[in-house]
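The values are calculated or read from the model by the stated rules, or taken from the named source; none is laboratory data. This one's a predicted model, so the numbers in the text were calculated from it and none came from an experiment. Neighbour counts run over all protein chains shown; Cβ positions are idealised from the backbone, glycine included.
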Amino acid sequence: AVRKKTGRNISVTHLRYSANHNTLDCWPIRAHLAFQTDELCKNLHIFKEREEDLKRLSRPLACTCFRTSIWDETLYKAWSSIVYQLIPNVQQLECNLRNFAQIIEADEVLLFERATFLVISHYQCKEQRDAHRFEKISNIIKQFKLSCSKLAASFQSMEVRNSNFAAFIDVFTSNTYVMVIMSDPSIPSAATLINIRNARRHFEKLERVDGPKHSLHMRMR
């Protein structure tokens with residue numbers, strides 16, 4: 001990505017998205033990541049000024065600005081939001097994810113992008129206490145994958161269980177991992193893993209149907 005200094009220690013990355021390789025300007029989304037904003041916590045008006053400038057210069061495209069820092073979860077949340085906006089069938093995906101969670105009686109189901117472990121979609125039927133759990137889970141798994149690669153092994157799946165819950169992370173489709181959270185101790189692990197395997201075929205079909213028509217290209221400048 002090419003970053004531009006806008007003064008007062010703010011570095012901005014400009015991202016444009018399109019749904020067609022030959023018409024890069026047809027996708028009506030523009031995002032701007034403003035880095036190093038942790039240095040401006042006492043001067044938020046500076047960020048607001050830059051945000052207004054970027055929105056004005058981006059017209060007629062829709063523009064979203066994110067305040068980001070490498071020291072907290074803001075950068076992860078910004079990229080997750082951008083990836084979420086790029087999913088062409090996101091409503092259908094969320095509907096199917098909700099149905100899947102309800103059928104298997106899961107407390108929460110998450111879809112992660114396979115390479116970055118950014119959250120693509122999630123459904124929860126119970127309120128969760130930790131608002132930053134997605135970023136924490138992503139960092140844990142990425143570190144674990146790195147450890148696996150050092151041993152010439154690849155990360156495939158994981159199960160974590162205690163007396164209160166069970167968490168399953170598994171390869172789902174060619175582009176995603178799935179995480180399933182269960183709190184019912186009467187449901188055996190084998191049943192949940194079979195349900196994940198059976199759902200995998202359905203979600204693979206969703207990707208094949210929508211993927212070729214909506215190949216996404218990102219231009220950064």
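Structure above, values below:
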quantity: Residues of the stretch 48-88 classified as among the charged types (D, E, K, R) and under 25 Å from Phe203 (Cα atoms), total; calculated: 1
quantity: Extreme residue, modelled with the highest pLDDT, among residues of the stretch 70-123 that are in contact with an Asp or Glu (Cβ under 9 Å, 6 or more places away or on another chain) and of a type in the set (Ser, Thr, Tyr); calculated: Tyr123
quantity: Selected residue [among the aliphatic types (A, V, I, L, M), more than 16 Å from Glu113 (Cα to Cα) and within 19 Å of the chain's Cα centre (by Cα)] from Ala153, Ala131; calculated: Ala131
quantity: Selection count where residues are hydroxyl-bearing (Ser, Thr, Tyr) and in contact with a helix residue (DSSP H, G or I) (Cβ under 6 Å, 6 or more places away or on another chain), scope the stretch 55-83; calculated: 3
quantity: One residue from Glu94, Glu105 being touching a strand residue (DSSP E or B) at 6+ places or on another chain (Cβ under 9 Å), charged (D, E, K, R) and over 30 Å from Thr68 (Cβ atoms); calculated: Glu105
quantity: Options Met218, Met179; residue that is at pLDDT below 85, in contact with a Leu (Cβ under 7 Å, 6 or more places away or on another chain) and surrounded by 12 or more Cβ atoms within 10 Å (Cβ to Cβ); calculated: Met218
